[in-house]
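The structure appears below as structure tokens.
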Amino acid sequence: MIDAHAHLTDPAFCDLPAVIDRAKSAGILAVVTSITDPADLPKAKEIIAQYSGFVYLTVGLDPKLLSEEKLSAFKAASSTALIVGIGEVGLDHFYVREAPFMETQERHFRECIRTAISLAKPLVIHSRSAGKKALEVLYSEGAERVLMHAFDGKAGDALAAAKKGYFFSIPASVVHSMQKQKLVRLLPLESIMLETDSPVLSPVRGERNEPANLIHSARKIAEIKRIPVERVIDVTTSNAAAFFGIIL
Ligand SMILES: [Zn+2]
């Protein structure tokens, strides 16, 4: 399995070597870690150097960090050749609800999309409470290589995006989220990847999440689609490897 989206630079992972060991024992072949503050780049570089061939990096910008300085720092950080994608970037209308801030957020999002397209890198998208809007912005910018992570929008909008070739990564919280279960029911397996979003979105509410928990996503998807878990693992792993250009 490939964990298509996690945050291993998070301070919650003070025991990272043990977390990585457990991930490997649990059948994880690779973890794509995402930074959302460019200031975390040095720490991320250390981690990908230490776990070379196992941890891969995407550089993004938290949609709540609405300063021009952070946007410039993101652009500088994304120019490193070490990354396999841009993200997470996107919109967050859960935390940002006032019109002027929402406008700035959309402008920054568009800049992030253009950065990814100019670098020929795939995009990992955050779209909390803004699923439909985020998709509209992506379409209007002509983004083609897109992974919508932990999508909380309507399953119908997701299906339309999947028909355009967009991917959706399903977090382990699918075990208790009816909305994620509906998403899995509607989307073809060929449009799905597995993610943990570690340290958040744990299959057990309130607990720290970690990549070893990825199997919970795979098992729940298999149960919903009434197919063997091995098939879920095969297809989602190939989807993620091809998307990020990871050679296993
Ligand atoms: Zn995330």
Output for segment 222-233, where each listed residue is under 24 Å from Phe54 (Cα atoms) and β-branched (Val, Ile, Thr): Val229, Val232, Ile233
Test for Val96: is it part of a loop (DSSP other than H, G, I, E, B) and out of contact with any His (no Cβ under 9 Å at 6 or more places or on another chain): yes
Total residues in segment 182-200, condition more than 16 Å from the ligand (Cβ to nearest atom) and in contact with a Leu (Cβ under 6 Å, 6 or more places away or on another chain): 1
Residue ID - farthest from Asp152 (Cα to Cα), chosen from residues in segment 75-93 that are in contact with a strand residue (DSSP E or B) (Cβ under 7 Å, 6 or more places away or on another chain) and assigned to a helix (DSSP H, G or I): Ala77
Considering residues of segment 213-232 that are buried (at least 22 other Cβ atoms within 10 Å of the Cβ) and hydrophobic (A, V, I, L, M, F, W, C) only, the residue nearest to the ligand (Cβ to nearest atom): Leu214
Residue tally, condition at negative phi and either in a loop (DSSP other than H, G, I, E, B) or under 16 Å from the mean Cα position of the chain (by Cα) (or both), over segment 46-64: 13
Members of segment 143-160 found to be within 16 Å of the ligand (Cβ to nearest atom) and surrounded by fewer than 19 Cβ atoms within 10 Å (Cβ to Cβ), listed by number: Asp152
Matching residues, segment 87-120, being in contact with a Phe, Trp or Tyr (Cβ under 9 Å, 6 or more places away or on another chain) and buried (at least 19 other Cβ atoms within 10 Å of the Cβ): Val89, Gly90, Leu91, His108, Cys112, Thr115
Pairs, first crowded, with 21+ Cβ neighbours inside 10 Å and outside any helix (DSSP H, G or I) in segment 27-42, second acidic (Asp, Glu) and modelled with pLDDT of 95 or more, C-beta under 8 Å, six or more apart: Ile28/Asp3; Ala30/Asp3; Val31/Asp3; Val32/Asp3; Ser34/Glu88; Thr36/Asp62; Thr36/Glu88
Single residue of Ser78, Ser72 found to be crowded, with 22+ Cβ neighbours inside 10 Å and either among the hydrophobic types (A, V, I, L, M, F, W, C) or within 25 Å of Thr115 (Cα to Cα) (or both): Ser78
Odd one out for Ala160, checked against (1) over 18 Å from the mean Cα position of the chain (by Cα); (2) closer than 22 Å to Ala77 by Cβ: (2)
Qualifying residue in segment 206-221 (condition: more than 14 Å from the chain's Cα centre (by Cα) and modelled with pLDDT under 95): yes
Single residue of segment 1-22 satisfying the filter (touching a Ser or Thr at 6+ places or on another chain (Cβ under 6 Å) and not in a loop (DSSP other than H, G, I, E, B)) that is farthest from the ligand (Cβ to nearest atom): Ile2
Qualifying positions in segment 82-104 - under 19 Å from Thr9 (Cβ atoms) and without any contact (Cβ under 8 Å) to a residue 60 or more places away in the chain: Leu82, Ile83, Ile86, Val89, Gly90
Members of segment 201-212 that are touching a residue at least 60 places away in the same chain (Cβ under 8 Å) and within 16 Å of the ligand (Cβ to nearest atom): Arg208, Glu210, Pro211
Any pair with Cβ under 6 angstrom, 6 or more apart, that starts in segment 150-169 at a residue that is closer than 10 Å to Lys180 by Cα and in contact (Cβ under 8 Å) with a residue 12 or more places away in the chain and ends at one that is of a type outside the set (A, V, I, L, M, F, W, C) and more than 16 Å from the ligand (Cβ to nearest atom): Gly153/Lys132; Ala155/Lys182
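The values are calculated or read from the model by the stated rules, or taken from the named source; none is laboratory data. Keep in mind that what you see is a predicted model, and the values were worked out from it rather than measured. Positions of Cβ are backbone-derived with ideal geometry, glycine not excepted, and every protein chain shown enters the neighbour counts.
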